[in-house]
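Every number here is computed from the coordinates shown, using simple stated rules; none is lab data. If you're wondering where the values come from, they're calculated on a predicted model, not measured in any experiment. Here the Cβ positions follow ideal geometry from the backbone for every residue, glycine too, while neighbour counts run over all protein chains shown.
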Amino acid sequence: MAFWPNVVVATPAHSGVAEGLCYRSELLLAPGTLVRVPLGAREVLGVVWECPEVAPAGLSEARTRDVAGVLDGLPALNDRWRQLVQFAARYYQRSLGEVALAALPPQLRDLNNVQLARRLKRSVGEPATPPKGAADVPPLSDEQRAALEALADARAPVLLFGATGSGKTEVYLQATQRALAEQAQAQVLVMVPEINLTPQLEARFRERFEPLFGAGAVVCLHSGMTPAQRLASWLAAHTGRARIVLGTRMAVLASLPGLRLIVVDEEHDPSYKSQEGARYSARDLAVYRAKLESEALAAQGARCQVVLGSATPSLESWHAAEQGRYLRLAMPARIGGGALPTLRLVDMNHQPKGAVLAPPLVAAVAERIERGEQCLVLLNRRGYAPVLACHDCGWKSACPHCSAYRVFHKLDRSLRCHHCGFAERVPRACPDCGNLDIAPVGRGTEQIEEQLAGLLAEVKRPNGAPARVARMDADSTRHKGSLEAQLATMHSGEVDVLVGTQMIAKGHDFRRISLVAGINADAGLFASDYRGPERLFALLMQAGGRAGRDAAFMSDQGAASEMWVQTWYPQHPLFDALRRHDYPAFAATQLAERESAGMPPFGHQALLRADARTQQAAQAWLNAAAQAAPGLPHFDHVTLYPAVPLTIQRVANVERAQMLVESASRGALQRFLAAWQPTLLACRSLPEAKGLIRFAVDMDPLTV
Ligand code: ADP
Ligand code: ZN
Ligand code: ZN
């Protein structure tokens with residue numbers, strides 16, 4: 001007697017292996033069982049997808065290899081997990097194996113059963129520490145209470161539309177507490193865009209739930225962890241020992257057998273969309289996952305809820321709420337009744353020529369420091385200057401490997417490409433003409449930090465100490481622990497002005513900031529991408545949301561919080577909505593524009609992306625695929641646009657091109673793309689596509 005399990009293994013994208021591979025087994029293996037199977041000369045990790053008793057038709061029984069072993073002691077991955085993976089693979093046009101195996105911790109592949117047993121014992125075996133008495137829970141604001149009550153009855157996905165500082169985190173905490181209290185095995189998944197940027201959130205979850213459920217109850221899951229840590233968290237989640245998983249987008253595919261609530265904080269954040277492998281949207285998968293789990297729980301009268309939180313929701317989610325598909329719960333007021341910052345637009349047409357920081361802004365910053373308040377200065381560009389140039393011959397610091405300039409970093413005197421990482425010391429003289437006078441063009445955070453430190457050199461704090469300016473960006477936080485240390489200097493008041501990229505705008509709960517300035521916002525106003533305004537609005541609202549969070553502090557200071565924006569286009573309508581903190585009005589105008597143009601969320605898009613040795617080959621492959629498309633199912637319902645190079649067309653010597661595919665119907669687009677896959681593979685072997693390195697379908701792309 002034998003069984004013929006279909007096992008899903010990590011197949012490289014587009015290897016042509018669509019679904020699982022068939023093996024032979026003496027034992028009946030439950031679907032979801034983790035196994036080791038031979039593949040070529042190797043032995044690889046796989047997931048049993050199904051296990052029929054009858055060999056599939058056409059299978060050569062003699063040539064079918066045996067399953068090499070079962071991962072002992074691990075419960076099988078459940079049906080909902082497999083359904084989720086299957087959906088993600090179909091929807092994002094990847095192989096099942098690629099999605100399934102990428103969702104498992106990499107270290108699982110390398111452990112033998114003895115090692116695995118040891119890890120399992122460690123993650124499951126410890127007795128939970130006895131409750132130490134609950135943490136302090138603040139009395140809820142009226143809005144928080146109303147939101148929590150409405151949430152209790154919600155059947156649809158919930159959009160928690162809460163102003164910055166309205167106390168969304170407390171709603172997440174209490175919703176979590178309620179979900180966990182309802183059932184002894186219940187689990188909650190809380191997703192954040194970048195966990196390292198918001199250590200406060202993790203601290204609050206630990207503080208609240210470790211006393212109740214023990215030290216192992218809260219685990220994290222994100223790509224910054226070591227393989228061993230990731231495995232430990234995954235095992236804890238999979239075995240049910242972890243009650244709460246805090247994670248980034250990858251966590252949406254974690255095995256959580258008791259899942260009852262999913263929170264997606266800052267749901268509008270682009271980092272929820274993966275940019276490699278299966279390019280999934282973790283937010284969208286979270287909504288789908290909650291639906292799957294709820295369907296399975298319905299028989300027990302239970303369900304799994306999903307809460308998407310933001311002060312500036314994505315237009316997709318906003319539209320879903322407008323249509324009644326999502327339940328919108330609004331919390332417009334800040335905790336403590338503080339006001340949102342007043343917008344001050346600085347018209348750069350009326351500032352001294354060449355001024356990077358407008359004098360009135362510098363004066364306002366100085367005044368805040370003298371009163372003992374803090375400021376944030378936002379500039380979305382790190383380094384000292386985006387380009388170094390020779391004014392004699394026109395040389396510019398181009399990257400030899402990319403169609404981009406290398407950024408001048410003054411601190412370590414390097415020219416660094418932010419696309420491929422290529423770095424060199426700054427040349428002494430122009431490499432082309434020998435001119436010694438090569439100069440930075442444009443500005444980055446290093447330069448703003450330097451300038452502000454100079455401009456504020458004479459400014460004193462209330463205690464007479466000199467003002468201190470610091471910088472926080474991907475460069476200053478590269479080393480482990482440095483981000484936390486920098487945030488700590490801000491929280492303790494050691495630093496008066498923090499200059500930085502968007503990372504300073506994320507969910508930090510700074511208490512003494514009264515002024516936030518965006519100094520180069522215009523790029524977002526006229527971005528070639530249609531999502532430019534949406535991004536800019538969210539970023540400025542989010543940044544402004546760091547100011548005036550402590551109403552008591554602000555009223556003691558007798559000051560009002562302000563959001564300064566330097567712009568050459570103060571009449572731009574985006575600023576009207578920003579001034580009124582009126583996200584709904586902004587969303588309404590954006591949605592109207594999108595609707596008339598048939599753009600998402602009204603129309604649906606996918607990108608076919610090609611990487612090749614030459615731009616010609618990339619485009620030739622795209623064009624060949626397009627030429628072969630007529631006649632495919634649903635072709636009449638899709639529009640194929642011409643192949644174009646990407647904005648940055650070459651990165652690390654790889655040429656990149658893409659083709660936009662649009663349809664008014666999501667289903668038609670899906671089915672067309674699926675039907676197109678064999679053509680895409682076949683076109684690889686055309687002579688004109690020689691040099692094609694890889695291709696990918698990006699469903700619901702964030703930038704086109
Ligand atoms: P959001 O995420 O909505 O911007 P937070 O969740 O960070 O806001 O809350 C803002 C601040 O208000 C935090 O310092 C938080 O501790 C505090 N807070 C939240 N809810 C309450 C409450 N009910 N009573 C007192 N303080 C609260
Ligand atoms: Zn020169
Ligand atoms: Zn480069």
Report task. Return the calculated 222 nm mean residue ellipticity for the chain, to the nearest 500 deg cm²/dmol, obtained by summing -39500 (n - 2.57) across DSSP H runs with n ≥ 4 and dividing by the residue count. Result -> -9500 deg cm²/dmol
Requested in this report: Over segment 210-277, consider all pairs of different Cα atoms and compute the Kirkwood hydrodynamic radius from their mean reciprocal separation; express it in Å, one decimal.
Outcome: 12.8
Query - In order through segment 43-60: 3J(HN,Hα) via Karplus (6.51 cos²θ - 1.76 cosθ + 1.60), integer Hz, x for Gly, Pro - result: 10, 10, 7, x, 10, 5, 8, 8, 9, x, 8, 9, 5, x, 4, x, 6, 8
Query raised in the report: Looking at segment 254-296 from every direction and averaging, what is the projected area of its Cα convex hull in nm²?
Result: 3.4
Query raised in the report: Using alpha carbon centroids, what distance separates segment 610-652 and segment 47-91, in Å?
Result: 35
Requested in this report: Using amide H atoms built 1.01 Å from N in the peptide plane, name the residues 5+ places from Trp395, or on other chains, whose amide H lies under 5 Å from its own.
Outcome: Cys390
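So for the chain, Kirkwood radius off the Cα pairs, Stokes-Einstein at 20 °C and 1.002 mPa s: how many µm² s⁻¹? Numbers along the way, then the final one.
Working: Rh = 27.8 Å.
The calculation lands on 77 µm²/s.
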Query - Using θ = phi - 60° and Karplus 6.51 cos²θ - 1.76 cosθ + 1.60, couplings along segment 389-403 (whole Hz; Gly, Pro as x) - result: 9, 9, 7, 7, 10, x, 4, 9, 6, 5, 7, x, 9, 9, 8
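Dipole of the chain, Cα-centred, from +1 at each Lys and Arg C-beta and -1 at each Asp and Glu C-beta, to the nearest 20 debye? Present the calculation step by step, with values, prior to reporting the outcome.
Working: 75 positive and 69 negative charges, 235 e Å.
With only Lys, Arg, Asp and Glu charged at Cβ, the dipole is about 1120 debye.
Of the DSSP beta bridges with both residues in segment 181-324, give the percent that are antiparallel, rounding to the nearest 5. Provide the component values of the computation, followed by the final result.
Values: 1 of 19 bridges.
In segment 181-324, approximately 5 percent of DSSP beta bridges are antiparallel ones.
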Query raised in the report: What percent of all Cα-Cα pairs in segment 358-457 falls in each 5 Å bin, counting up from 0?
Result: 3, 13, 19, 20, 14, 11, 9, 7, 4, 1, 0
Report summary line: Ranking Ala290, Gln677, His268 by how far each Cα lies towards the positive end of the charge dipole of the chain (+1 on Lys and Arg Cβ, -1 on Asp and Glu Cβ), the top one is Gln677
Query raised in the report: In terms of modelled amide H atoms, which long-range or inter-chain residues lie less than 5 Å from the amide H of Cys220?
Result: Leu246
Query raised in the report: Under a Cβ-Cβ cut-off of 11 Å, what is the net charge of the residues other than Ala333 that fall near it, where Lys and Arg count +1 and Asp and Glu count -1?
Result: -1
Query raised in the report: For segment 387-434, what is the relative contact order in percent, using Cα pairs closer than 8 Å and at least 6 residues apart in sequence?
Result: 29
Query raised in the report: What is segment 350-442's relative contact order, in percent, from Cα pairs under 8 angstrom and six or more apart in sequence?
Result: 24
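Size of the dipole of segment 449-576 about the Cα centre, Lys and Arg at +1 and Asp and Glu at -1 on the beta carbon, nothing else charged, in debye to 20?
So the magnitude is around 300 debye.
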Requested in this report: May I ask which residue of Leu259, Ala62, Leu120 lies farthest towards the positive end of the charge dipole of the chain, with charges of +1 (Lys, Arg) and -1 (Asp, Glu) on Cβ and the Cα centre as origin?
Outcome: Ala62
**Report entry** Kirkwood Rh, angstrom, segment 352-399 [1 / mean 1/r, Cα pairs]
**Finding:** 14.0
Query raised in the report: So what is the relative contact order of the chain, in percent, for Cα pairs below 8 Å that sit 6 or more residues apart?
Result: 11
Report summary line: Diffusion coefficient in µm²/s returned for segment 419-505 by Stokes-Einstein, Kirkwood Rh over C-alpha pairs, 37 °C and 0.692 mPa s, is 211
Requested in this report: Please give the contour-minus-distance gain from Ala355 to Ala228: 0.36 nm per residue of separation, less the Cα-Cα distance, rounded to one decimal in nm.
Outcome: 40.7 nm
Query raised in the report: Which entries in the list Lys273/Lys480; Lys396/Lys480; Lys353/Lys396; Lys168/Lys273; Lys396/Lys690; Lys353/Lys506 go over 27 Å, if you measure between the two C-alpha atoms of each?
Result: Lys396/Lys480; Lys396/Lys690; Lys353/Lys506
Report summary line: With +1 on the Cβ of every Lys and Arg and -1 on the Cβ of every Asp and Glu, the dipole magnitude of segment 245-389 about its Cα centre, in debye rounded to the nearest 20, is 100
**Report entry** Part-to-part distance (alpha-carbon centres) for segment 234-275 and segment 311-374, which is given in Å
**Finding:** 30
